[in-house]
Amino acid sequence: MNTNTLQQPTHEISSTHQSIIDQTVTYVKKMLEHDQTGHDWWHIHRVWQTALYIAKKEKGDSLVVQLAALLHDIADWKFNDGDDKASARVAQEWLASMGLEKESITHICDIINAVTFKGAGVESQIKTLEGQAVQDADRLDALGAIGIARAFTYGGYKGMPMYDPALEPKFHASFEEYKKHKGTTINHFYEKLLLLKELMNTSTGKRLAEDRHQFIESYLNQFFLEWNIVNENT
């Protein structure tokens, strides 16, 4: 799927709301223009367009989905001392300054607070279709070829080892445990990425996840084939 070709259902958006979306795009681009962690503007763009595609298929509220997707990583906890409420606070302030209705702001901030992966043993708290669309889109961007590239980009940024056979993947039973854990990038595939296919909320998200999940499995098979060959010859 080429998300650049997805069309937003503009007939559902008033001119006032479209202006808020447009200004939010400009704002988020500016805020994230120097990101080098895999959580940059292009991550946001892909999540935005994919969430919009899912919402269109599943018939969710386009305004809420677009703004939640655009702002979901505006102050990611991983770069704000573990503060998992930072993005929602920044989003609330921004949307209030734009004059968006309080009910929509509350819905959007609830999505942002709940959208992030919090560990294998932590149940998702997202109940609305709009939140599920954004969460599925965010998780889809952690799968497939782009997901692999983002994993190693983030791992390099954080100084994580690529792989260490002595370090086993961990099952995180709480968000605090997940936030504090430091492992390897390959372990991250088992601690998060390979779990995402089964955690998709919508039928559209589940369908889009299939090929991306299989690509990751194929990549890992090749990775360990090469790793083991090298070790056998040393």
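Values in this text are rule-based calculations from the coordinates and carry no lab data. This one's a predicted model, so the numbers in the text were calculated from it and none came from an experiment. All Cβ positions, even for glycine, are placed from backbone atoms using ideal geometry, and neighbour counts span all protein chains on display.
Some points to look at:
- Counted by neighbouring Cβ atoms within 10 Å, the residues Lys182, Lys206, Lys197 run from fewest to most as Lys182, Lys206, Lys197.
- Taking other C-beta atoms within 10 Å as the exposure proxy, Asp22, Asp141 rank Asp22, Asp141 from fewest upward.
- The calculated P(r) of segment 12-232, using every Cα pair and 5 Å bins from 0, goes 1, 7, 14, 19, 20, 16, 11, 6, 3, 2, 1, 0, 0 in percent.
- Between Leu193, Gly156, Ala137, the Cα set farthest toward the positive side of the dipole of segment 12-232 (charges on each charged residue's Cβ, about the Cα centre) is that of Ala137.
- Each of Glu130, Glu191, Glu103 was scored by other Cβ atoms within 10 Å of its Cβ. Arranged with the fewest first, they read Glu103, Glu191, Glu130.
- Set Lys102/Lys192; Lys59/Lys182; Lys85/Lys197; Lys102/Lys197; Lys56/Lys158 screened for pairs whose C-alpha atoms are more than 31 Å apart: Lys102/Lys192; Lys59/Lys182; Lys102/Lys197; Lys56/Lys158
- Net charge contributed by nearby residues that have their C-beta within less than 14 Å of Glu130 (K/R +1, D/E -1): -3
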